[in-house]
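Trainee: There's a structure below that I have some questions on.
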Amino acid sequence: MAAANAQGYSEPLTGGKDGVSRRQLARLAFASLVAIVSVSPFRLSGPLTVGACVVVLLLCARRTLLSPIHWSSLIFFGWIGASSFWSVAGGATFDGVVLSLLLLLAAAAVWETCGPEQTLAAFLSGLRVVVALSAITYVFVPSIGREQSFYQAGAFTGLFVQRNVASFVMVVIIISTVALWDREWSLGRKHKECFWLILTLLCLLLARSSTSLVVLAAVLLLGLVVRQTRKMSEVGRRVTLAAVTAMVAGFALIIFTNYSAASGLLGRDASLTGRTIIWAAVLPFINAQPWIGYGWNALWTPGVQVTEEMWSSAHFAFAHAHNAFLDVILQVGFVGLVLLLIFPLGRFVVNTSRLEETAARPVVWSSMAFGCLLLYGVTEQSFVSNFGFLVLMMCSLKLAGAK
């Protein structure tokens, strides 16, 4: 906590027993929240997520919750709230807006109370509990921990709803461990971290997701570049990061526009395992209402007319658009997509340009996590899921002293 206080967190280093216990409980509650959203959706996942957010907020009630949140990011929440007026499922939109706002406030509350590094440590702890339990189910309860469908039968799923979700979370755990690695750790601590890295990587390999391996390699490269830019001048740093960002964006564009090349790279069939069929089904509905969409959290539920029509067009039901960018545009239009991504992108630019003034590890983490979300968003749910949305909101939070 000393580093956190040096960076502007006014919570006393030493103080009353109550003050210390509240921070510990806040981290525990946040770790529980992360664990819950990482394996969502499941029965009662909604109430449990809301309950965990409320507990975090109550434990951090003494802090100014909005301090880490840039005021302009709240414009996005104003927009998704306004989408209730044109939503095709108003009740679902209201619930989605409330839950999304709670996730942001909970992350900001712990970020402000405990500091970025302690928040990220709690984030990683929550995910590791899920990994351990998932590994146990994979070995001892294969009916739960392994893929049961014909396609990729036996692949690792653990406690997750599907193997692609499991692999996404595994990648986030690996990049978080790498980003938060500290050379000053004791040998015992390094051995412990290596154990978790090996276990997580093994689970990732057992999930049989080539997409995850490609994304992981690209994001690790991004993290290495961000770390190395600390030695550069500010101009050199910005030029390098702009070049890397352009390369990542170009890579994502190639995957989305050149299906044959992407299918070979990712080890999938020409339809990217049905994704191109889904994209063809959703694009006409985007074209019909491109700017405002059909309402936040309003789709992918049986009985919603727009959803039923998309399922009918594809000739099968699907749980999301298998592309986070298209999914957000469907829900809240191009306006909503820009408002959602512009602030984490701005935070990435600000933080990486001030690496000498800010805590390096949280900056590296936010850069790698944001890159991971963008790359995964090309073919998966990514930042549209509750877990991905929480990670995205954490990427948008301010470090002490940032503007």
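Trainee: Could you check VAL141 against (1) without any contact (Cβ under 8 Å) to a residue 12 or more places away in the chain; (2) closer than 20 Å to PHE30 by Cβ; (3) not basic (Lys, Arg) and say which number it fails?
Mentor: So VAL141 meets the others, but not (2).
Trainee: Can you find a residue in region 34-50 that is modelled with pLDDT of 95 or more, buried (at least 18 other Cβ atoms within 10 Å of the Cβ) and either of a type in the set (Phe, Trp, Tyr) or touching a His at 6+ places or on another chain (Cβ under 6 Å) (or both)?
Mentor: There is no residue in region 34-50 that is modelled with pLDDT of 95 or more, buried (at least 18 other Cβ atoms within 10 Å of the Cβ) and either of a type in the set (Phe, Trp, Tyr) or touching a His at 6+ places or on another chain (Cβ under 6 Å) (or both).
Trainee: For region 32-54, which positions are assigned to a loop (DSSP other than H, G, I, E, B) and out of contact with any Leu (no Cβ under 7 Å at 6 or more places or on another chain)?
Mentor: Across region 32-54, the qualifying residues are SER40, PRO41, PHE42, ARG43, LEU44.
Trainee: When you look at THR200, is it at pLDDT 95 or above, out of contact with any Phe, Trp or Tyr (no Cβ under 6 Å at 6 or more places or on another chain), crowded, with 17+ Cβ neighbours inside 10 Å and on the phi < 0 side of the Ramachandran plot, yes or no?
Mentor: It is true that THR200 is at pLDDT 95 or above, out of contact with any Phe, Trp or Tyr (no Cβ under 6 Å at 6 or more places or on another chain), crowded, with 17+ Cβ neighbours inside 10 Å and on the phi < 0 side of the Ramachandran plot.
Trainee: Here are some conditions: (1) over 23 Å from ASN164 (Cβ atoms); (2) part of a helix (DSSP H, G or I); (3) of a type outside the set (A, V, I, L, M, F, W, C); (4) at pLDDT below 90. GLU357 meets all but one. Which one does it not meet?
Mentor: (2)
Trainee: When you scan region 51-69, do you find a residue that is closer than 16 Å to LEU127 by Cα and either out of contact with any Pro (no Cβ under 9 Å at 6 or more places or on another chain) or touching a residue at least 12 places away in the same chain (Cβ under 8 Å) (or both), even just one?
Mentor: yes
Trainee: Moving to a separate point now. Residue by residue through region 299-329, note down the ones that are touching a His at 6+ places or on another chain (Cβ under 7 Å) and not in a helix (DSSP H, G or I). Walk me through how you get there before you give the answer.
Mentor: Looking only at region 299-329, we keep the residues that are touching a His at 6+ places or on another chain (Cβ under 7 Å), and these are 300, 327.
Selection gives TRP300 alone.
Trainee: Cβ-Cβ distance below 6 Å, separation of 6 or more or different chains: which pairs start in region 312-324 with a residue that is polar (S, T, N, Q) and end on one that is not in a loop (DSSP other than H, G, I, E, B)?
Mentor: Sorted first by the residue in region 312-324, then by its partner, the pairs are SER313/ALA281.
Trainee: Still on this structure: Filter the helices (runs of 4 or more DSSP H) completely within region 133-225 down to those with at least 3 residues that are within 25 Å of LEU120 (Cα to Cα) and of a type in the set (A, V, I, L, M, F, W, C).
Mentor: Where helices (runs of 4 or more DSSP H) fall fully within region 133-225 and carry at least 3 residues being within 25 Å of LEU120 (Cα to Cα) and of a type in the set (A, V, I, L, M, F, W, C), they are 163-179, 187-206.
Trainee: Select from region 363-403 the residues that are among the polar types (S, T, N, Q) and either assigned to a loop (DSSP other than H, G, I, E, B) or without any contact (Cβ under 8 Å) to a residue 60 or more places away in the chain (or both) and list them in ascending order.
Mentor: Hits for region 363-403 are SER366, THR379, GLN381, SER385, SER396.
Trainee: Taking region 69-91, which residues are in a helix (DSSP H, G or I) and of a type in the set (A, V, I, L, M)? Give the steps one after another, and end with the answer.
Mentor: The initial filter retains those residues of region 69-91 that are in a helix (DSSP H, G or I), namely 71-85, 90-91.
Hits for region 69-91 are LEU74, ILE75, ILE80, ALA82.
Trainee: Suppose the filter is within 22 Å of the chain's Cα centre (by Cα), among the hydrophobic types (A, V, I, L, M, F, W, C), in a helix (DSSP H, G or I) and at pLDDT 90 or above; does VAL332 pass it?
Mentor: yes
Trainee: So is SER271 surrounded by fewer than 17 Cβ atoms within 10 Å (Cβ to Cβ), touching a helix residue (DSSP H, G or I) at 6+ places or on another chain (Cβ under 7 Å) and at pLDDT below 90 or not?
Mentor: It is true that SER271 is surrounded by fewer than 17 Cβ atoms within 10 Å (Cβ to Cβ), touching a helix residue (DSSP H, G or I) at 6+ places or on another chain (Cβ under 7 Å) and at pLDDT below 90.
The values are calculated or read from the model by the stated rules, or taken from the named source; none is laboratory data. All values reported here derive from a predicted model rather than from experimental measurement. So basically every Cβ, Gly included, is an ideal-geometry build from the backbone, and we count neighbours across all protein chains shown.
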